[in-house]
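J.: This structure is in structure tokens; I'll ask about it shortly.
The values are calculated or read from the model by the stated rules, or taken from the named source; none is laboratory data. All values reported here derive from a predicted model rather than from experimental measurement. Neighbour counts run over all protein chains shown; Cβ positions are idealised from the backbone, glycine included. These accessible areas exclude ligands, DNA and RNA; they are computed on the full protein's heavy atoms, side chains included. Shrake-Rupley method; radii C 1.70, N 1.55, O 1.52, S 1.80 Å.
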Amino acid sequence: MVERLVPDELWVLFQRVVPEAPSRPQGGGRRRHGDREVLAAIVFVATSGCTWQQLPAPSFGPSGATAHRRFTEWTNARVWAKLHRLVLDELGARGELDWSRCAIDSVNMRALKGDLTGPNPVARGKYGSKIHLITERTGLPLSVTSLHDSQALEPLVRGIPPIRSRRGRRRRKPAKLHADKGYDYPHLRKWLRQRGIKHRIARRGIESSQRLGRHRWTIERTMSWLAGCRRLHRRYERKAEHFLAFTSIACTLICYRRISK
């Protein structure tokens, strides 16, 4: 199961970003579980949606408490964002990323508690966490955040890392950006123009967001892939950084599927 959840190519990339294990000068103590087994356990929790206590330790080796402790360490070290960037670099070097048209959208995930939560106006005020995502033309996620619509676009675009290209310099700016009415704010349009990014944002009270559907269906498909990561389907994490870490893991797995094809 470990090799299935963490294939060799993904494991090679992960080894480039994972911090070294702390040494024990005095020696002794229990043997530290391997990083690959712990990573497989974390991926299992992310994709299955089980709690850390429900993790089947005999299948992986580390217990739920060990996997959660290592997950926290790696989250604090920004391992998941670095891994996502490495996978994007591999895709960019193969010419798999299309920067001609990007799209931005959001989805609300049910949340029981924690930071970055609020009432969902389209779900009878039930609490949830909003995930904003920007994807390239074919739907591969480039950047993710969790903020209000009026505040999310700039961090999303700024959050795109410099990604390798098949030829030439690294790239981090889309040629054109599509968005629905939720992002229709004058300061956002001005901000995009100042950075030389063409925008196609539906205007409130004038245009229908449905006209953008022929270009934005790819990001809607990506949102459904994101919801397939069952740990995001209903949020249990109190800390916002842990919730965003699972979101980065989901984005990494979505991008890695393209590499493994």
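J.: What tally of residues in the stretch 31-88 results from selecting those that are β-branched (Val, Ile, Thr) and out of contact with any Phe, Trp or Tyr (no Cβ under 9 Å at 6 or more places or on another chain)? Walk me through how you get there before you give the answer.
T.: In the first step, residues of the stretch 31-88 are kept if they are β-branched (Val, Ile, Thr); the result is 38, 42-43, 45, 47, 51, 66, 72, 75, 79, 87.
Imposing the further condition that a residue be out of contact with any Phe, Trp or Tyr (no Cβ under 9 Å at 6 or more places or on another chain) reduces the set to 43, 47, 66, 72, 75.
Adding up the residues that qualify gives 5.
J.: Taking Trp217 as meeting all but one of (1) in contact with a helix residue (DSSP H, G or I) (Cβ under 8 Å, 6 or more places away or on another chain); (2) surrounded by fewer than 18 Cβ atoms within 10 Å (Cβ to Cβ), write down the number of the exception.
T.: (1)
J.: I would also like to ask the following. Kindly establish whether Arg16 is in contact with a helix residue (DSSP H, G or I) (Cβ under 8 Å, 6 or more places away or on another chain), among the charged types (D, E, K, R) and crowded, with 17+ Cβ neighbours inside 10 Å.
T.: Values: in contact with a helix residue (DSSP H, G or I) (Cβ under 8 Å, 6 or more places away or on another chain): yes; among the charged types (D, E, K, R): yes; crowded, with 17+ Cβ neighbours inside 10 Å: no.
No.
J.: Please enumerate the residues belonging to the stretch 127-143 that are within 21 Å of Ala175 (Cβ to Cβ) and either in contact (Cβ under 8 Å) with a residue 24 or more places away in the chain or open to solvent by 40 Å² or more (accessible area, probe 1.4 Å) (or both). Can you show your working first?
T.: Going through the stretch 127-143, the residues within 21 Å of Ala175 (Cβ to Cβ) turn out to be 132-143.
Within the stretch 127-143, His132, Leu133, Ile134, Thr135, Glu136, Arg137, Thr138, Gly139, Leu140, Pro141, Leu142 qualify.
J.: Additional query: Quickly run through the stretch 144-195 and pick out the residues that are crowded, with 16+ Cβ neighbours inside 10 Å, polar (S, T, N, Q) and closer than 20 Å to Trp99 by Cβ.
T.: Within the stretch 144-195, just Thr145 meets the criteria.
J.: Just to be sure I understand, how many residues within the stretch 55-73 are surrounded by 21 or more Cβ atoms within 10 Å (Cβ to Cβ) and touching a residue at least 60 places away in the same chain (Cβ under 8 Å)?
T.: Within the stretch 55-73, residues that are surrounded by 21 or more Cβ atoms within 10 Å (Cβ to Cβ) and touching a residue at least 60 places away in the same chain (Cβ under 8 Å) number 1.
J.: For the structure I just gave you, tell me whether Thr66 is within 19 Å of Phe243 (Cβ to Cβ) and of a type in the set (Ser, Thr, Tyr).
T.: On the way: within 19 Å of Phe243 (Cβ to Cβ): no; of a type in the set (Ser, Thr, Tyr): yes.
When the stated conditions are applied, Thr66 does not pass them.
J.: Right, here's the next one. Quickly run through the stretch 74-126 and pick out the residues that are aliphatic (A, V, I, L, M), open to solvent by 20 Å² or more (accessible area, probe 1.4 Å) and at pLDDT below 85.
T.: Initially, the stretch 74-126 is screened for residues aliphatic (A, V, I, L, M), giving 77, 79, 81, 83, 86-88, 91, 93, 97, 103-104, 107, 109, 111-112, 116, 122-123.
Of the ones still in play, those that are also open to solvent by 20 Å² or more (accessible area, probe 1.4 Å) are 77, 81, 86, 93, 97, 107, 112, 116, 122-123.
Scanning the stretch 74-126 gives Val107, Leu112, Leu116, Val122, Ala123.
J.: Is it the case that some residue within the stretch 216-236 is within 21 Å of Ala81 (Cα to Cα) and more than 14 Å from the chain's Cα centre (by Cα)?
T.: yes
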